[in-house]
């Protein structure tokens, strides 16, 4: 079935692996905030079950889950407008994932490039969960009959798998039950790059803290990292074509555009011809204005973890009003005695 046959509903999630950074904010969370103002029901998730596909220290996982929830809320995701959950409190995710483990084919899973990237050369030592987690990701989406998922370029393959699983399930059981979820890819900086190397994605795993802006950084740290960001000796161009083969320049302009809700073209129309000595202070001022209030609110929320837990528990109750009937109908379709 096409998404138009279902209630418009968005699902997306982020792993609570710690060190939430600017790439997470511009590539995902900022879009999550805007989509809750559109004509969608929105469900946003800390995917803690996905996090344990590699070993996690339990205390750190609890902290990181709460910190990610604080980041969501501080960025503007409202528990009054969106359903906000951590995945493990909604057991239907894992239960539907088992059904999908039996629908998905081994060949499909072996083609997943993220498994190859994360498992590396020693794939035999990787957890079964790391290999099979795309089936859980499909369940995360389809247990809500989600019609749209905001994704970055690196997640498109998983959404294609979700559509394959939905298609095969519907075909195998002769039903039109699961929607073919559509990706939503938009924004000037859907892929934010390192401040030290414009050819590499901004990542918490980079050993240099200067390579990223953490969402917990204070105003002085944000400004300092932008001032020290790698650039080139040339002036900024007046048109986007002039950013080709200039990865660091393109990255900083993309960040400015995304933070200021502008197109790259609009930014360059204003700053074209400027040297980085002039542009960087403008970017630093904008970044501090946009990000510093978020870090301050995150700190306030993290001072009261019981309130975060209450919000997540409430969200789980709201989520299960959707997921329980969908899982029950899935079991009925498959032939389980209820």
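The values are calculated or read from the model by the stated rules, or taken from the named source; none is laboratory data. These numbers come from a predicted model, not from an experiment. We place every Cβ from the backbone using ideal geometry, glycine too, and count neighbours over all the protein chains shown.
Among the residues of region 151-163, some residue qualifies, meaning at least one is touching a helix residue (DSSP H, G or I) at 6+ places or on another chain (Cβ under 8 Å), assigned by TED's automatic domain parsing to the domain that holds residue 29 and assigned to a loop (DSSP other than H, G, I, E, B).
Among the residues of region 7-18 satisfying the criterion of being crowded, with 16+ Cβ neighbours inside 10 Å and farther than 20 Å from residue 88 by Cβ, which is farthest from the chain's Cα centre (by Cα)?
Step one: filter region 7-18 for residues crowded, with 16+ Cβ neighbours inside 10 Å, giving 9-18.
Next cut, farther than 20 Å from residue 88 by Cβ only: 9-10.
Details: 9: 16, 10: 12 Å.
Looking at the filtered set, the residue picked out is 9.
Within the option set 12, 17, being within 22 Å of residue 132 (Cβ to Cβ), assigned to a loop (DSSP other than H, G, I, E, B), in contact (Cβ under 8 Å) with a residue 40 or more places away in the chain and assigned by TED's automatic domain parsing to the domain that holds residue 182 holds for one residue only, 17. Could you please let me know if residue 114 is assigned to a helix (DSSP H, G or I) and more than 21 Å from the chain's Cα centre (by Cα)? When the stated conditions are applied, residue 114 does not pass them.
Residue-wise test of (1) buried (at least 21 other Cβ atoms within 10 Å of the Cβ); (2) in contact with a helix residue (DSSP H, G or I) (Cβ under 7 Å, 6 or more places away or on another chain); (3) farther than 28 Å from residue 252 by Cβ; (4) touching a residue at least 40 places away in the same chain (Cβ under 8 Å).
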| site | (1), (2), (3), (4) |
| --- | --- |
| 25 | yes, yes, no, yes |
| 34 | no, no, no, no |
| 61 | no, yes, yes, yes |
| 108 | no, yes, yes, yes |
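Being free of Cβ contacts under 8 Å to residues at least 12 places away in the same chain and assigned to a loop (DSSP other than H, G, I, E, B) is the filter here, so list the residues in region 260-289 that pass it. Of everything in region 260-289, just one residue is free of Cβ contacts under 8 Å to residues at least 12 places away in the same chain and assigned to a loop (DSSP other than H, G, I, E, B), namely 261. Could you please find all residues in region 232-243 being part of a loop (DSSP other than H, G, I, E, B) and surrounded by fewer than 17 Cβ atoms within 10 Å (Cβ to Cβ)? Listed by number, the residues that qualify are 232, 233, 234, 235, 238, 239. Here residue 257 meets each of (1) surrounded by fewer than 22 Cβ atoms within 10 Å (Cβ to Cβ); (2) in contact with a helix residue (DSSP H, G or I) (Cβ under 9 Å, 6 or more places away or on another chain); (3) over 13 Å from residue 282 (Cα atoms); (4) touching a residue at least 12 places away in the same chain (Cβ under 8 Å) with one exception, condition (3). With respect to the conditions (1) modelled with pLDDT of 95 or more; (2) under 23 Å from residue 298 (Cα atoms); (3) in a loop (DSSP other than H, G, I, E, B), residue 229 lacks only one, and its number is (2).
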